[in-house]
Amino acid sequence: MQIKLNGSKPSLSQGQIIFISAIALLVVLNVAALFLYLLPELDSLKQAKQGVEGQKQTLESVRNDYTDEKITDEQLEKLTNRVPVVRDDSNNLIFFNDVGQLSEAPPTLITQSSGAEEGQSAETDAAGSGTVTTSFEVTVVGHLPNLLSYIDNLHHYERLYTLQKWSLTELTKETANQEYPDLYSHPFIKKDKPLLTLRMSIQAYYFPQFKDAFRKQELENGSEEQTA
């Protein structure tokens, strides 16, 4: 018996070669399409996600810095007492006298100054911001602890004031009797203690630019109370 062994593989037909080539070409085209179209889209998607994360962080930061809570009537009253939105010069005069009584250092002179230049209005716009300032020259007389108390009460008063400058001058009994004959009628002024004069330049403020905003808040609060 004769057995013939043939180790060679059968050759591909022309049709098979064309078919395999077509498949290979499709694979190459798909890979090319992946790089040309899909990968840029993935990169854009990644950038979009980063943008969303950035916006979330910004939103969280804004939430930490601001609030949408409405101002209560009590808070509104404190704000307008601290920074009035309308002129209240008469209240300033009453205030300087009240602080004098509280500090046991009576005012002897209160003058609303005319400004830096001759004839300039006492009402000045601070750096064009809409904030209006009014300057006062105030003189009070008393014992040193009481004068220091006057300055302290000025800074802690509910109304916003700025003490621009001040000076202290000691008074002799003769000068006190001559210039302030009624001074010793106050029970807190002692004849056996040194007297001094405290002269101050004080600046008061009001904020007309916030008048409409506070008015709107008052109306909103009133509407909410009626609805409730």
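Here is how the numbers come out for the structure above:
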| item | result |
| --- | --- |
| Under 5 Å, built H, 5+ apart or other chain: amide partners of residue 157 | none |
| Label-point separation in nm, residue 82 to residue 25, each point 7 Å along Cα→Cβ | 8.0 |
| Burial order of peptide ranges 136-149, 168-181 (average beta-carbon count within 10 Å, highest first) | 136-149, 168-181 |
| Ordering of 152-163, 191-202, 95-106 by packing [mean C-beta count within 10 Å, highest first] | 95-106, 191-202, 152-163 |
| Under Karplus coefficients 6.51, -1.76 and 1.60, residue-wise ³J(HN,Hα) of segment 23-30 in Hz, glycine/proline x | 4, 4, 5, 4, 4, 4, 5, 5 |
| Unit charges at the beta carbon, dipole of segment 166-205: most positive-side option, 178, 188, 202 | 188 |
| For residue 112, distant residues with modelled amide H under 5 Å away | 137 |
| Segment 147-218, Cα convex hull volume normalised per residue, Å³ | 139 |
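Read-outs: derived from the displayed coordinates by stated rules, not from any lab. Here the structure is a predicted model, which means the values were calculated and not measured. All Cβ positions, glycine included, derive from the backbone under ideal geometry; neighbour counts span all protein chains shown.
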